[in-house]
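Step one of this worksheet: look at the structure below.
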Amino acid sequence: MAIGAAASLGATSAKADWLRAESPRFVVYSDGDEASLRQQVEQLEILDTLLRVRNGLEPFGTPEQKFSLYLVRDTPAMARAIPGVSELVRGMYLRCTDDVFAVAIRSRDDDSTTKHEYVHHFMLANFAFPYPSWLIEGVAEYFSTTRANNRHVDTGFPDQNRVNELAYVNWVPMADVLTKRPFQFRTGSEASVFYAQSWILTHYMVNDPQRNLKLRRYMELLSQGKDSLTAWTEATGLTPEATERELRTYLRRNAVYQRMNRADFGQQPVTVTRLPASYDRLMLESRRLACVDRGEEAPGLLDTVRREAAAFSGDRFADLTLASAELKLGDRAAGRAILERRLAADPNDVDVLVMSAFDKIESAFDEGTDVRAAMADARRVLARAYQRDEANWRILYGLALTRQGAPNYPNENDIDTLAQALALAPNAYEIRWLSSRALAELNRYDQAIAVLGPIAADPHGGGASEQARLRIESLRDQKRRYDERRAAQGTAPATATPTPPAPTRR
């Protein structure tokens, strides 16, 4: 936070540095120059079209929710949004209580990090299945080197750093690649070579039609409950050791890549806006606040926001950032006063309504509070917001939260509300948890398990992934007992979870 404070104090309000670029599928913020920002957005649009084509989706389709990306100049700037971030980290994808977004260090020459993170987002948004970690990371690595110029778009291009790593560094056992997640390796070098081996394994499987069919079979076997090693050998006919030999031979050849005409990808419009000076001082702090829960320890953050916001009294962005800081970390009465003032100026401000509603939801559990009355109050505020923005996942999620504890919860309308929220924000894990609990209460165990699958499979999920895996085991046990009771009553058990699709080479 000392770094964050120094960076904040060093800012100047004389010139607004932050730019906002919006295209059909992206909203990208940057503290750099406009030309490189436009180039970044155009490259992301091309990548999105490519991913859609390769996975059988409408090439120029638009998502329910645009992907938000924040580009910063260096590690100290990133530390203002993500305190303690390592200098080795070039980008990070964040699923926070208030938002889902990515932060990355901008570069004119290498945008592979932002592309890697976007592939993760795209796959979960469109194919939310519990893929194995090697495939999750391998697909992201495979497409991260996609590059476009005025004539061509190349994909599957070999990453020379990965090639060199595989040529000169000891490999980890392929059995570990097929079964482990990055954080389970003992050293950083082992984790790094796991990414490299995941990349070459994905490249090997995806770039050949026959091997791609075997990859699909592997995914089918995993969905049937087989462990990764058994499924791999059965689907491919290769042991882990034989797989390594195949990959080493494949690596010695010139890795193939696909070249396409740039004209086939169209030209998406990009609108760039220069943001007010308040964003220069508070943009990254606002991203930090999006990831802070009420009462969480965040040394120095509240003081920084109070100091910087004081220079922009009445500015909407500064007011909302300060309100968030007060509600989560400081004087809640002061935060509520800011929201009331903003609503007096604009009773239809959706962001203010949502913030006010979630404050009411969180306050419902304060000592001495009438929970049902507080939830009903929050629901009325959210209903006002929903009238003005039906495609806001936070509103739908909040509406579902306020229904908990009601005598008829969950009903079909609750399930539909959660399904809409999840369609808008498939990467928001809190929606998945709430959906899974509601579905389980209605004995829809396959659906409850499927909803948690992506969390359990998240290579970087940490404790949340472990909790999801334990919950899935419990749900499977509940489903087994439920099916036994239904069978005894002469009723057919529930249907199985569908097979996830494998990445394709279309």
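The values are calculated or read from the model by the stated rules, or taken from the named source; none is laboratory data. From a predicted model like this one, the values you see are computed outputs, not experimental measurements. With ideal geometry, Cβ positions are generated from the backbone for all residues, glycine too; neighbour counts draw on all protein chains shown. Side chains are part of the model used for accessible areas, which takes the heavy atoms of the whole protein and leaves out ligands, DNA and RNA. Shrake-Rupley method; radii C 1.70, N 1.55, O 1.52, S 1.80 Å.
Odds and ends about this structure:
- Descending by average beta-carbon neighbour count within 10 Å, the peptides 273-286, 475-488, 153-166 line up as 273-286, 153-166, 475-488, the highest first.
- For N149 and V272, the FRET efficiency from 1/(1 + (r/R0)^6), where r spans their Cβ atoms and R0 equals 22 Å, is about 0.55.
- Secondary structure note: in the chain, about 70% of the DSSP beta bridges are antiparallel.
- Residues in the range 391-412 reached by a label modelled at R380 [backbone nitrogen below 17 Å; 7 Å Cα→Cβ]: 399, 402-403
- Distant-in-sequence amide H partners of L94 (H built 1.01 Å from N, under 5 Å): F101, A102, V103
- Accessible surface calculations at 1.4 Å, restricted to protein heavy atoms, place the chain at 45 Å² per residue.
- Full extension of the chain segment joining D303 with E234 gains 19.0 nm, where the gain is 0.36 nm per residue of separation less the Cα-Cα distance.
- Working note: Karplus 6.51/-1.76/1.60 with θ = phi - 60° gives the range 136-149 the couplings 4, 6, x, 5, 5, 5, 4, 8, 5, 8, 4, 9, 9, 10 Hz, where Gly and Pro are set to x.
- Packing, as the average of other Cβ atoms within 10 Å across residues, places the peptides 65-77, 338-350, 125-137 in the order 125-137, 65-77, 338-350, highest first.
- For E87 and D110, the difference between the fully extended length at 0.36 nm per residue and the C-alpha to C-alpha distance is 6.6 nm.
- Helix-derived mean residue ellipticity, 222 nm - over the chain, DSSP H n ≥ 4, -39500 (n - 2.57), to 500: -18500 deg cm²/dmol
- 5 angstrom amide H check on W18, placed H, neighbours 5+ away: L275, D280
- When peptides 417-424, 92-99 are sorted by average Cβ neighbour count within 10 Å, with the highest value leading, the order is 417-424, 92-99.
- Sequence-separation-based contact order of the range 330-463, relative, with Cα cut under 8 Å and 6+ spacing, percent: 15 percent
- Projected label distance in nm at F365 and T491, using a 7 Å step from Cα toward the beta-carbon: 3.2 nm
- On the basis of the beta-carbon distance and an R0 of 30 Å, D176 and A464 show a calculated FRET efficiency of 0.85.
- For Cα Rg over 2.2 N^0.38 Å, computed directly from the structure shown, the correct entry in [x] 0.96; [y] 1.03; [z] 1.32 is [y].
- Taking 0.36 nm per residue of separation and subtracting the current Cα-Cα distance, fully stretching the chain between R245 and R73 would add 57.7 nm.
- Diffusion of the range 240-341 by Stokes-Einstein, at 10 °C in a medium of 1.306 mPa s and with Rh set to the Kirkwood radius over alpha-carbon pairs, works out to 89 µm²/s.
- Distance between the 7 Å Cα→Cβ label points at Q478 and V169: 4.2 nm.
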